[in-house]
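Chemist: This is the structure I want to talk about, given as structure tokens.
The values are calculated or read from the model by the stated rules, or taken from the named source; none is laboratory data. Model, not experiment: these values are computed from the prediction. Cβ atoms come from the backbone with ideal geometry, glycine included; neighbour counts cover every protein chain shown.
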Amino acid sequence: MSAPNPEPVLRASSKLLCLAYAAIAIAALIATWSQNLAYFGNPTDVVSAFAVFLRETKVTPASRSITVDILLFFLAAAILMVIEARKHGIKFVWVYIAGGVLIAISVTFPLFLLARELRLGKADPTRLRAADTIPLAVFAVLIAGLTIWVDAL
């Protein structure tokens, strides 16, 4: 009689990836909601305040560009999330998408990726070459710096 297989364990690379996704989600939550709270303050009429917020996303070509960019990224991310959730048995995919609308897609997309990695990380290791790791690290530092710069304004 053979012993049952032990529960698969996440590899170190998957743990690091999960940590990165969690850090991005936390940073995104802080960066987006510090601005949302500063913008909205204490509105008496949330619906009107949100309508003004949406209208102000169209004020300049720069705001329209970033708004369209985020909306189309959100659509592509939602398609990927639903397909990957169904493929890998990740529950509550529509909660991640609804959270993207109500909280921020920059928060919920990394959380979805974390859930996906927890599902996949036990079976298939993620292997990145230095040619991928170094540019990703540089890009991460650049994005973190820009996030801090934008959030501090």
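Chemist: Between Ala85, Ala76, Ala62, Ala49, which is touching a Phe, Trp or Tyr at 6+ places or on another chain (Cβ under 6 Å) and either modelled with pLDDT of 95 or more or not in a loop (DSSP other than H, G, I, E, B) (or both)?
Modeler: Ala49 is the lone residue from the list that is touching a Phe, Trp or Tyr at 6+ places or on another chain (Cβ under 6 Å) and either modelled with pLDDT of 95 or more or not in a loop (DSSP other than H, G, I, E, B) (or both).
Chemist: Right, here's the next one. Six or more apart or on different chains, Cβ under 7 Å: which pairs go from a residue in segment 30-45 that's more than 15 Å from Trp149 (Cβ to Cβ) and among the charged types (D, E, K, R) to one that's at pLDDT 90 or above and surrounded by 10 or more Cβ atoms within 10 Å (Cβ to Cβ)? Could you list them?
Modeler: Note: no pairs meet the criteria.
Chemist: Exactly one condition in (1) modelled with pLDDT under 85; (2) over 21 Å from Ile30 (Cα atoms); (3) touching a helix residue (DSSP H, G or I) at 6+ places or on another chain (Cβ under 9 Å); (4) assigned to a helix (DSSP H, G or I) is not met by Pro125; state its number.
Modeler: So the condition that Pro125 fails would be (4).
Chemist: Give me the pairs, please: first residue somewhere in segment 1-25 and among the small types (Gly, Ala, Ser) and part of a helix (DSSP H, G or I), second residue anywhere and exposed (fewer than 13 other Cβ atoms within 10 Å of the Cβ) and at pLDDT 90 or above, beta-carbon distance under 6 Å, and either six or more positions apart or on two chains.
Modeler: Qualifying pairs under 6 Å: none.
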